Each structure stands twice: as C-alpha cells, then as structure tokens.
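Below: one structure, written as structure tokens.
What follows draws every value from the coordinates through simple rules; no lab data is involved. The structure presented is a predicted model; accordingly, all values stated were derived computationally and were not measured. Ideal geometry is used to build each Cβ from the backbone, glycine not excepted, and the neighbour counts take in all protein chains shown.
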Ligand code: TRP
C-alpha cells in the first residue's frame, strides 16, 4: 500500500561564511542525510544572513557555491529534497520586512547573539544584524516547517520565531505552522583543539584550533597531533581532562565506539597513538564527502542547474505563504 502519511517538514540552513568546521560537521551536517531520509527536508545556504557581517564579494560568491556543492556531497539528493540559496528566493527578504513590523524593538534587542556580535563588530552594528532573527523567522515560516534543527546558539532565534508566528496567527488567523526544535541524533560537541574549554569555531584566529571538512588528510593529521591535552598520559574520560574528553567525543562520533570501548582500546598506550587514531577516524569519515565534493565541483553547470531548480521549488512554496500573509496584512492586490 502506498504510504500517504505526511512526513514532517524539517528546515535547515547554514551560512556560507567559511568551510564548515569538524564541529559543524559532526554536530549537524553528518546527520543531514539520515534526517532527509526520514523527513520532508528543505536545505538552504543562508547568504542573506552572511552579509550582516562585512564579506568580500568574490569570496562570498565562491563560498556560497562551495557550500551548495558540499550539501550535495553530503549525500543530499537535490531531486528529493529542496536545496537552494536564500538570496535566489526573494520571498525571504519580503516576508522578513513584514515580520520586522510584527517584532518589538525590545525583543530583538534581547537576543544574545545580537549583543555578542555587536560587541565583536563594534564598527559595524548594522540594522541587518539587528533584524537577523526576523529574517531567520521568515526562512522558517515561509515553508511552514514543523521542525528546525538548532544548536544552542540558535535556540533563542527559534523561540522568537515561535513568538512572532503566534502573534501573527493570533492577530489574524492561523497562517504559520509553529516550528519546534528538531531533536535528532546528537553529535559530539566539538571543542577547539588548542583551547578545549572553548567551542571549535570558524572564527578562531589560531589555525591549529579548528579542523575544516575540506582540510587535506595531512592537515587534519597535523592539527590532531598538536592538539592540547594534559600530562596524565592516560586515555580516559574525566572532569578537567577537556582535551582528551574532546578527542574521545570526536573519536566516538567517527567510529561509533563508546567511551568504555575507547578506554579499553588505548589502555597502556600514550596520547601520541590516540591522536593518530582520532585523526585517522576523522579522515576516514570526511574523505568520501571530500571526494564527492571534488567530483561535483568539476561540473559547475550541474551545480547551477540544481541551485536553479531548488530555488524554483522553494519559491513556489514560499510564495503561497507570502501571498496569504500579504492578503491578511491588507496589501492591495491587483491581479
Ligand atoms: N542563523 C543560522 C546559523 O548561523 C543559519 C540560519 C539562517 C538558519 N536561517 C535559518 C538555521 C533558518 C535554521 C533555520 O546557524
């Protein structure tokens, strides 16, 4: 019998501001393929969000294309899922503006990411940075997404999205699906290899602190070999052993082994052997993605065709929601 049950719609987006780190990969991207098998998934490159911080045009263009290709390289199927670039679908900006008018200054000003980024980029505290959460709300609400996988840093933005949606639904009539956080398989939280008390970040200025999904096997090996650990020289998980705990988390995520198994495997061995094993497990995990990425990047026409079709499919859905919203708000519509 044909399965006619409606699958949940899950929406994920990622900014093209750098090659994803191992943290982005193990925490999110690695799970996307499975997530797309179980749900009706929409994936996008959030380039409109990227310009809330000054970007170099050529670099933004290149990284957007690469991020798009990387999504396909992860095993996402552009025929089965909708995969697109945010700026190719004008409804995001259009709904974003409308939602700005349904969001209070005070609520947006409370966003911790806004406060953090304002402090970090004090010379460019632009209005876009302030409106970042309302654009993100538009991303989510346009597609009537049931679930959104969010890391800790984006949780508050999903909450404000729900508040805005509820407010709009209450002021007019049910228009938006209220999105929930997607609780999938949780990947490891990956910490910096140089300061394992800090999260691995793409904005880290120490090049040895972060591993990137497209790093060469050589670079990955070197970075793990110079990872900061402790002086105990015993592979086991314990409070205060942040470096080793981090490596164990990464190794567990890449091999599927649990911490007891890892401790047993490295019983009597030093950190040197362990670091090499962790690096090898990471290389084995990302290598197929890298190979596929390099293949796809040779065929730019194919990537462009996918992006174009993805934007058309996205736009079709987005337009239905936007049209409803515009009608409810009271815009004069001419046929
Ligand atoms: N702000 C998200 C991040 O930096 C990216 C993003 C933009 C997003 N729009 C979204 C994530 C919609 C989920 C849903 O991680």
* Within the group 96, 106, which residue is over 18 Å from residue 153 (Cβ atoms) and touching a helix residue (DSSP H, G or I) at 6+ places or on another chain (Cβ under 9 Å)? -> 96
* Asked: residue 23: surrounded by 21 or more Cβ atoms within 10 Å (Cβ to Cβ), under 25 Å from residue 223 (Cα atoms) and within 11 Å of the ligand (Cβ to nearest atom), yes or no?
  -> no
* Quick one: how many residues across the range 123-156 are more than 13 Å from the ligand (Cβ to nearest atom) and without any contact (Cβ under 8 Å) to a residue 12 or more places away in the chain? -> 3
* So residue 28 fits all but one of (1) in contact with a strand residue (DSSP E or B) (Cβ under 7 Å, 6 or more places away or on another chain); (2) within 12 Å of the ligand (Cβ to nearest atom); (3) part of a helix (DSSP H, G or I); what number is the exception? -> (1)
* Structure fact -> Filtering the range 82-97 down to residues that are surrounded by 23 or more Cβ atoms within 10 Å (Cβ to Cβ) and in a loop (DSSP other than H, G, I, E, B) yields 89
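Please find, among 58, 37, 73, the residue that is away from the ligand (no atom under 16 Å from the Cβ), on the phi < 0 side of the Ramachandran plot and crowded, with 21+ Cβ neighbours inside 10 Å. Even if it seems obvious, please write down each step before you answer.
Numbers: 58 fails: crowded, with 21+ Cβ neighbours inside 10 Å; 37 fails: crowded, with 21+ Cβ neighbours inside 10 Å.
Going through 58, 37, 73 in turn, the sole match is 73.
Which one of these is part of a helix (DSSP H, G or I), touching a residue at least 12 places away in the same chain (Cβ under 8 Å) and farther than 23 Å from residue 28 by Cβ: 244, 220, 250?
Details: 220 fails: farther than 23 Å from residue 28 by Cβ; 250 fails: farther than 23 Å from residue 28 by Cβ.
Criteria check complete, one pass: 244.
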* What is the one condition in (1) more than 11 Å from the ligand (Cβ to nearest atom); (2) in contact with a helix residue (DSSP H, G or I) (Cβ under 7 Å, 6 or more places away or on another chain); (3) not in a helix (DSSP H, G or I) that residue 11 does not satisfy? -> (1)
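Name the single residue, out of those in the range 40-55 being in a strand (DSSP E or B) and in contact (Cβ under 8 Å) with a residue 60 or more places away in the chain, that is farthest from the ligand (Cβ to nearest atom). Please lay out each step first, then the result.
As a first pass, look at the range 40-55 and keep what is in a strand (DSSP E or B): 40-45.
After this cut, where a residue has to be in contact (Cβ under 8 Å) with a residue 60 or more places away in the chain as well, the list is 42, 44.
Details: 42: 9, 44: 7 Å.
So the residue we want is 42.
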* Structure fact -> Only one of (1) crowded, with 18+ Cβ neighbours inside 10 Å; (2) away from the ligand (no atom under 15 Å from the Cβ) does not apply to residue 110, and that is (1)
* Asked: Looking at the range 128-156, which of its residues are touching a helix residue (DSSP H, G or I) at 6+ places or on another chain (Cβ under 8 Å) and assigned to a loop (DSSP other than H, G, I, E, B)?
  -> 143, 144, 149, 150, 151
* Which listed residue, of 86, 104, is in contact (Cβ under 8 Å) with a residue 40 or more places away in the chain and at negative phi -> 86
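Counting only residues that are within 16 Å of the ligand (Cβ to nearest atom) and farther than 20 Å from residue 184 by Cβ, which one in the range 61-70 is surrounded by the most Cβ atoms within 10 Å (Cβ to Cβ)? Break it down stepwise before answering.
Looking only at the range 61-70, we keep the residues that are within 16 Å of the ligand (Cβ to nearest atom), and these are 63-64, 67-68, 70.
Retained after the next criterion (residues that are farther than 20 Å from residue 184 by Cβ): 63-64, 67-68.
Values: 63: 21, 64: 23, 67: 22, 68: 25.
Across the range 61-70, the extreme among qualifying residues is 68.
Do you know which of the residues in the range 157-184 that are part of a helix (DSSP H, G or I), within 11 Å of the ligand (Cβ to nearest atom) and in contact (Cβ under 8 Å) with a residue 24 or more places away in the chain is nearest to the chain's Cα centre (by Cα)? Steps first, answer last, please.
Taking the range 157-184 first, the residues part of a helix (DSSP H, G or I) are 157-171.
Next cut, within 11 Å of the ligand (Cβ to nearest atom) only: 157-158, 161.
If we keep only those that are in contact (Cβ under 8 Å) with a residue 24 or more places away in the chain as well, we get 157, 161.
Working: 157: 13, 161: 17 Å.
The qualifying residue nearest to the chain's Cα centre (by Cα) is 157.
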